[in-house]
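Accompanying notes for the structure given below.
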Amino acid sequence: MTAATPNYSMPADLGPDVERSIAFDMIRRSLPFIPVVLLVASLFDGVEGIASAGFAIVLVLANFALSALLMSYGARISLAMLGAAAFFGFIIRLGLITVAVLAVRNQPWVRWIPLCITLIVTHLGLLVWEMRFVSASFAYPGLKPRPSLVKE
């Protein structure tokens, strides 16, 4: 008997990109809250507050999207690459946020209080909010399944 030769020309089905689905669901769920955040920022610092809070929101959403893309890529390669993407990606993304904030620090539209508060609260708020929708089981990796509207 001869052993079957594996076919390496076809990639294995590795399942859904859990990281991407969670991150982009988080971004989708944040959209209704963005006008509220901008309105509150405008109450404190007017147009400059809106610009500062808007910049912070863009940084947060880009951070989550980049995180998902890096970790999805790493997960497709190996568990070690996933760990490296998570750790080094975190450091690189924090560096990118720092560079982005330092690049605009002297602009006339920047107001530190709305920028910093929005940056911190939006990061933490979206992570805590998304915990309600994430499934921590092997049966449904990623997002929890939506309840069916039709009962059988």
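The values are calculated or read from the model by the stated rules, or taken from the named source; none is laboratory data. Predicted, not measured: the structure shown is a model, and the values here were computed from it. Note: ideal-geometry Cβ built from the backbone for every residue, glycine included; neighbour counts use all protein chains shown. With ligands, DNA and RNA removed, areas are computed over all heavy atoms of the protein, side chains included. Shrake-Rupley method; radii C 1.70, N 1.55, O 1.52, S 1.80 Å.
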Gyration tensor on Cα atoms of segment 22-74, a ≥ b ≥ c root eigenvalues, a/c under 1.5 rounded, else prolate if a/b beats b/c, else oblate, says oblate
Taking placed amide H atoms and a strict 5 Å upper bound, the residues 5 or more places from Val134 or on another chain that come that close are Lys144
The ³J(HN,Hα) series, computed from each phi in segment 23-29 with the Karplus coefficients 6.51, -1.76 and 1.60 at θ = phi - 60°, rounded to the nearest Hz and given as x for glycine or proline, is 5, 6, 5, 4, 5, 4, 6
Residue-normalised value, i.e. accessible area per residue, for segment 59-123 at 1.4 Å probe, in Å², stands at 59
Rounded to the nearest 10 Å², the accessible area of Met131 using a 1.4 Å probe with every protein chain kept is 130
Given 86-94, 17-25, the highest-first ranking by average Cβ count within 10 Å works out to 17-25, 86-94
Scalar couplings 3J(HN,Hα) for segment 99-110 by Karplus 6.51 cos²θ - 1.76 cosθ + 1.60 (θ = phi - 60°), nearest whole Hz, x for Gly and Pro, are 4, 5, 5, 5, 5, 10, 4, 9, 6, x, 8, 7
